[in-house]
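Below is one structure, written out as structure tokens; the observations come after it.
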Amino acid sequence: MSIAPFSLPGRFWRGNLHAHSTLSDGGLAPEQAIDVYKDAGYDFVQLSEHFLQRFNWPIADTRRWRSNKFTTLIGAELHAPSTRVGELWHILAAGLPLDFEAPAPDESGPALAARAREQGAFVAIAHPAWSQLTIEDGRALQQADAVETYNHGCAVENDRGDGFYLLDQLLNEGRRLTAIATDDAHFRHGDYDAFGGFVEVKAETLEPEALLEALKAGRFYSSQGPRIFDVSLSATEATVACSPVQAITIVTGTSRALSKVGRQITGATFDLTEVGRDHRATGAPMAWARIVIIDAAGRRAWTNPIWLDETN
């Protein structure tokens, strides 16, 4: 049977959770940055300004640009010292109150993330590869809901946009995290860093509260372009329907995987007993899996981790 979010009522709404304007270090005024996404056919965006004293602790109040066809989330990119390599934490928070208080001088990154989540935010570990985060850093952020597994700006600027290395290690330790794709667009040189990563959130309405609830519940998938239409699971099979791609693969917590490769593939059915048998042979339980599709341009889309103990 179809699994969440594909089995749920409502529709998918496309959004970017990570962008910047002149309220911090972006190149466009807030309204201009929002218009870029509106004109590109997105359904929502969040201006996640750097929450730092040098920018006067900005949380962008974008409510005036909401309509019944396009909306915004309120959030920020939070910072505090310090990661294992001695740099500031970068913590993405969606759904912050506008009066979220600046961090205290001695407030750590994990404590800041916990405070954001306590005040209703969806919290993600931002651009782990760009920040050179270690597994110890990932373990420290116990209050995170998600890992930013693709950051388009980091990818196109310095080839450090991928965060799956951290997500998969944390999943293997039992952390129930989801995976988001974002742009982190700054618009300092046009829109080269826009439209490369987004979330497709399943909700019955475009209300910010409905989107935030869906994000927290993991009712979304992420993409660089391709679309996933449906995923069905039984005890022995997985079936995927998608836009035309060249590969569909089921990734697990070890090197064991199942793949179908070809031209213009729009779906596949996999025998889960095959990969399960491989896992049993190595003594490694297949606790989770995620489905990835890859198009001819190398762009990917992926489901959130599917915990197999929740689908049986």
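Quick check: is even one residue across segment 39-46 over 20 Å from the mean Cα position of the chain (by Cα), at pLDDT 95 or above and in the same structural domain as ASP191 (by TED's automatic domain parsing)?
So far as segment 39-46 goes, yes, one or more of its residues are over 20 Å from the mean Cα position of the chain (by Cα), at pLDDT 95 or above and in the same structural domain as ASP191 (by TED's automatic domain parsing).
In segment 173-187, what count of residues is obtained for those that are farther than 15 Å from HIS18 by Cα and not acidic (Asp, Glu)? If you could, list the steps in order and put the result at the bottom.
Keep residues of segment 173-187 that are farther than 15 Å from HIS18 by Cα, which gives 173-178.
Restricting the remaining residues to those that are not acidic (Asp, Glu) gives 174-178.
So the count comes out to 5.
Residues in segment 37-81 that are in a loop (DSSP other than H, G, I, E, B) and surrounded by 15 or more Cβ atoms within 10 Å (Cβ to Cβ): how many? Let's see the steps before the verdict.
If we filter segment 37-81 for residues that are in a loop (DSSP other than H, G, I, E, B), which is where we start, we get 40-43, 48-49, 52, 56-62, 66-70, 79-81.
Subset that is surrounded by 15 or more Cβ atoms within 10 Å (Cβ to Cβ): 42-43, 48-49, 52, 57-60, 62, 66, 70, 79-80.
Looking only at that region, the number is 14.
Are any residues in segment 74-120 among the charged types (D, E, K, R) and either in contact with a Cys (Cβ under 8 Å, 6 or more places away or on another chain) or within 19 Å of LYS216 (Cβ to Cβ) (or both), and if so, which ones?
Going through segment 74-120, the residues among the charged types (D, E, K, R) turn out to be 77, 84, 87, 99, 101, 106-107, 115, 117-118.
Once the filter is applied, which keeps residues that are among the charged types (D, E, K, R) and either in contact with a Cys (Cβ under 8 Å, 6 or more places away or on another chain) or within 19 Å of LYS216 (Cβ to Cβ) (or both), segment 74-120 yields GLU77, ARG115, ARG117, GLU118.
Output the residues belonging to segment 196-235 that are of a type in the set (A, V, I, L, M) and closer than 25 Å to ASP61 by Cα. Walk me through it before giving the result.
Let us first name the residues in segment 196-235 that are of a type in the set (A, V, I, L, M), namely 199, 201, 203, 206, 210-212, 214-215, 217, 228, 231, 233, 235.
Within segment 196-235, VAL199, VAL201, ALA203, LEU206, ALA210, LEU211, LEU212, ALA214, LEU215, ALA217 meet the criteria.
Go through segment 126-139 and count every residue that is surrounded by 19 or more Cβ atoms within 10 Å (Cβ to Cβ) and farther than 15 Å from GLY75 by Cα.
The initial filter retains those residues of segment 126-139 that are surrounded by 19 or more Cβ atoms within 10 Å (Cβ to Cβ), namely 126-131, 133, 137-138.
After this cut, where a residue has to be farther than 15 Å from GLY75 by Cα as well, the list is 127-131, 133, 137-138.
Count: 8.
Select from segment 240-267 the residues that are within 16 Å of THR303 (Cα to Cα), of a type in the set (Ser, Thr, Tyr) and surrounded by 15 or more Cβ atoms within 10 Å (Cβ to Cβ) and list them in ascending order.
SER243, THR249, THR252
For segment 85-98, state whether one or more residues are farther than 24 Å from GLN53 by Cα and either in a strand (DSSP E or B) or modelled with pLDDT of 95 or more (or both).
Within segment 85-98, the first condition is being farther than 24 Å from GLN53 by Cα, and the residues that meet it are none.
Scanning segment 85-98 turns up no residue that is farther than 24 Å from GLN53 by Cα and either in a strand (DSSP E or B) or modelled with pLDDT of 95 or more (or both).
Could you list all residues from segment 125-136 that are touching a strand residue (DSSP E or B) at 6+ places or on another chain (Cβ under 8 Å) and without any contact (Cβ under 8 Å) to a residue 60 or more places away in the chain?
Within segment 125-136, ILE125, HIS127, PRO128, ALA129, TRP130, LEU133 meet the criteria.
Return yes when GLY190 is closer than 19 Å to VAL45 by Cβ, modelled with pLDDT under 95 and surrounded by fewer than 24 Cβ atoms within 10 Å (Cβ to Cβ) and no when it is not. It would help to see each step written out before you state the result.
Details: closer than 19 Å to VAL45 by Cβ: yes; modelled with pLDDT under 95: yes; surrounded by fewer than 24 Cβ atoms within 10 Å (Cβ to Cβ): yes.
So GLY190 passes the test.
Filtering segment 111-125 down to residues that are over 19 Å from ARG176 (Cβ atoms) and of a type in the set (A, V, I, L, M), which residue is surrounded by the most Cβ atoms within 10 Å (Cβ to Cβ)?
Checked segment 111-125; the qualifying residue surrounded by the most Cβ atoms within 10 Å (Cβ to Cβ) is LEU112.
Can you confirm whether ASP162 is crowded, with 18+ Cβ neighbours inside 10 Å, in contact (Cβ under 8 Å) with a residue 12 or more places away in the chain and closer than 15 Å to GLN46 by Cβ?
Values: crowded, with 18+ Cβ neighbours inside 10 Å: yes; in contact (Cβ under 8 Å) with a residue 12 or more places away in the chain: yes; closer than 15 Å to GLN46 by Cβ: no.
No, not satisfied.
The values are calculated or read from the model by the stated rules, or taken from the named source; none is laboratory data. Keep in mind that what you see is a predicted model, and the values were worked out from it rather than measured. All Cβ positions, even for glycine, are placed from backbone atoms using ideal geometry, and neighbour counts span all protein chains on display.
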